[in-house]
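A.B. asks: Below you will find the structure I want to go over with you.
What follows draws every value from the coordinates through simple rules; no lab data is involved. Keep in mind the model is a prediction, meaning the values are calculated, not measured. A quick note on method: Cβ atoms are made from the backbone with ideal geometry, for glycine too, and the neighbour counts reach across all protein chains shown.
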Amino acid sequence: MYETKIITAKTLGEAWEKACTLIMKEGHLRYVQAPEYQIETKDLPLIIKVSEPFLEPRLSDKASATR
């Protein structure tokens, strides 16, 4: 079984960045075989604690998303 990792951050954007970095470094490879697609992905159980979730930036500037 995988060990659950804990991430603590002040903002949602910071938490997202930390989660992405940790998954890429320590994530476990997993092969997904669904009817529509087959792909290799990374999996990592996480608990994410955000102390100020309404504080800006709520979206990381590194995310490919806009408001």
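A.B. asks: Of all DSSP beta bridges located in the chain, what percent are antiparallel, nearest 5?
C.D. replies: 55 percent
A.B. asks: If the viscosity is 0.890 mPa s and the temperature 25 °C, what Stokes-Einstein diffusion coefficient in µm²/s follows for the chain when Rh is the Kirkwood radius over Cα pairs?
C.D. replies: 183 µm²/s
A.B. asks: Measure nothing but the geometry: give the 0 to 90° angle between the long axis through the Cα atoms of 12-26 and the longest principal axis through the Cα atoms of the chain, rounded to 10°.
C.D. replies: 30 degrees
A.B. asks: Further question on the same structure: Just to be sure I understand the model, the point goes 7 Å from the Cα along the line to the Cβ. What's the resulting S64 to Y37 distance in nm?
C.D. replies: In this crude label model, S64 to Y37 measures out at 1.2 nm.
A.B. asks: Relative contact order of the chain, please, whole-number percent, based on alpha carbon pairs below 8 angstrom and at least 6 residues apart.
C.D. replies: 47 percent
A.B. asks: To continue, here is another question. Report the percentage of all Cα-Cα pairs in segment 5-44 whose separation exceeds 13 Å, rounded to a whole percent.
C.D. replies: Value for segment 5-44 (Cα pairs over 13 Å): 59 percent.
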